[in-house]
1. Out of all the residues in region 157-173, which are in a helix (DSSP H, G or I), in contact with a helix residue (DSSP H, G or I) (Cβ under 7 Å, 6 or more places away or on another chain) and surrounded by fewer than 23 Cβ atoms within 10 Å (Cβ to Cβ)?
2. Take Leu213 and tell me if it is over 18 Å from Asn266 (Cβ atoms), open to solvent by less than 10 Å² (accessible area, probe 1.4 Å), modelled with pLDDT of 95 or more and in a loop (DSSP other than H, G, I, E, B).
3. Any idea which residue in region 125-141 is farthest from Tyr176 (Cα to Cα), counting only those that are surrounded by 18 or more Cβ atoms within 10 Å (Cβ to Cβ) and either in contact with a Cys (Cβ under 6 Å, 6 or more places away or on another chain) or of a type outside the set (A, V, I, L, M, F, W, C) (or both)?
4. In region 96-124, what count of residues is obtained for those that are over 17 Å from Met149 (Cα atoms), open to solvent by 10 Å² or more (accessible area, probe 1.4 Å) and in a strand (DSSP E or B)?
5. Please pick out the residue among Pro56, Pro87, Pro40 that is at pLDDT 50 or above and buried (at least 19 other Cβ atoms within 10 Å of the Cβ).
6. Would it be correct to say that Thr66 is open to solvent by 30 Å² or more (accessible area, probe 1.4 Å), among the polar types (S, T, N, Q) and closer than 27 Å to Thr183 by Cα?
Amino acid sequence: MAEHRQSRKRRYITWGVAGAAVLAGAGIAAQNSMAATTWPAQKTYTGRAFDTCTAPSLAAMKAWKTNGFYGAAAVYIGGKNRGCAQPNLTASWVKSVNAVGWKLIPLYVGAQPPCQTSRNPERFTATTAAALGKSNAEDAVAKAAALGMKPGSPIYLNMESYDITNKACNDATLTYVRSFTKTLRAKTYRAGLYGFSSSSAKAIATATNRTDLPGNLWYALWDKQYTTTADWPWDPKLYTNHSRGHQYMVNSKETRGGYTITVDRNAWDAPVALVG
């Protein structure tokens, strides 16, 4: 699989290369840093969600909501590797789309692995992974808060495909992800990761050491199956109790209410932003 929304032109280069409410299934160790804080109740959405590179206009969002097919939308809140401008994505937009019933899924395109075959402007190394994970998470929280996404909201880290058989690269990636996750939790934001079932998501799902891994996993598996269970590729005890998202179809050009948008389709059963 290739890059997710960082650049339309680069996206499909390769195929090879989701508080207490989320404790069950994700593993106690993966959530242990949440235990000391009283967390806002998780807001869960179960149903269809879409993601698209640039947040649509408010008019388009209102028109699409009346159709009722989708109930949630992913938005790219920040990161140096974010591929599209976001002229519509403001605190006012977030408040308005929330008011008409949309659930929002915050995505942050952080630094990427050193062995990744791409031209992303920000990468980490084994030496910088922990520090960049921390600073990226701090920036992600600041961006989410500025948009009106309150503590208790999830932030999904966008991790693109890389060679997970490269041990040094994979170790550095897990260090970065753990640092990002730990920092989010220290600021009372829930941690999630978007990645590919053959690569970045697999690295998280199959890691033996579960400490400080994201409590929610959003996996890209483009099999056109609207499910978060039937095609779940890993241990069925992982990421249960509303902790999974599944990107099952990409580049779907759809017209609803007179507005045409090219989106990716997702089956969603996981946290969404707390807005207010």
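The values are calculated or read from the model by the stated rules, or taken from the named source; none is laboratory data. Keep in mind the model is a prediction, meaning the values are calculated, not measured. As a convention, Cβ positions derive from the backbone with ideal geometry for all residues, glycine included, and neighbour counts pool all protein chains shown. We work out accessible area using only protein heavy atoms, side chains counted, and drop any ligands, DNA or RNA first. Shrake-Rupley method; radii C 1.70, N 1.55, O 1.52, S 1.80 Å.
1. If the condition is that a residue be in a helix (DSSP H, G or I), in contact with a helix residue (DSSP H, G or I) (Cβ under 7 Å, 6 or more places away or on another chain) and surrounded by fewer than 23 Cβ atoms within 10 Å (Cβ to Cβ), then Asn170 is the only one that fits.
2. Yes.
3. Result: Asn136.
4. Here the count works out to 1.
5. Pro56
6. Taking the combined requirement at face value, the residue does not satisfy it.
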